[in-house]
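Notes follow the structure.
The values are calculated or read from the model by the stated rules, or taken from the named source; none is laboratory data. What you are looking at is a predicted structure, and each value in this text was computed from that prediction instead of being measured. Here the Cβ is made from the backbone with ideal geometry for all residues, glycine too, and neighbour counts use every protein chain on show. We work out accessible area using only protein heavy atoms, side chains counted, and drop any ligands, DNA or RNA first. Shrake-Rupley method; radii C 1.70, N 1.55, O 1.52, S 1.80 Å.
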Amino acid sequence: MNFSDPFLESPILGNPFLDIDSNQDEQTPYIFEDQSQLDEECKSFLEFIQSIMYEADSNSVYLFDILKDHGNRRMASQAFYNILTLKTRNAIEVVQLNPMEDIQISLV
C-alpha cells in the first residue's frame, strides 16, 4: 500500500513547503505593500480586532472575548481561519499557552 500524501504530490496544488524562501529571516515581518494582498474578509477581521483594541485601550484581544459577544460555530471557524491567515502573513502575533485554550491576538 502507498500512503503518500496526494496534497503534496498534486501537480495543481503543488507543494506549499517548497515556496518557502530559505534566505528570509523567520522573524522579518511581511510588509503589506497594499491592503489588496489580504482578502476582504481578512481585512474586515483585522479592522474589527483593531477597533476592539482601540475601544478597550489595549494592545491585545482574546479570541474567546470576541466570540462571547459575536460568536456561533460559523463565526468561530471564520475567526480562527482569519487568525491563521493574518499570522501567516505576519499581520498579527498570537499566543496560545496550551491546546484548546484562549488565543491572545496582538498587532505587529
Handout entry: Inter-probe distance in nm under a simple model that places probes 7 Å from Cα toward Cβ, at ARG74 and VAL95
Key = 3.4
Practice task
Rank these by accessible area, largest first, 1.4 Å probe: LYS68, LYS87.
Solution key: LYS68, LYS87
Problem - ASP102/GLU47 FRET efficiency (R0 30 Å; Cβ-Cβ; nearest 0.05) - result: 0.90
Problem - region 62-88 versus region 93-107: alpha-carbon centroid distance in Å - result: 11
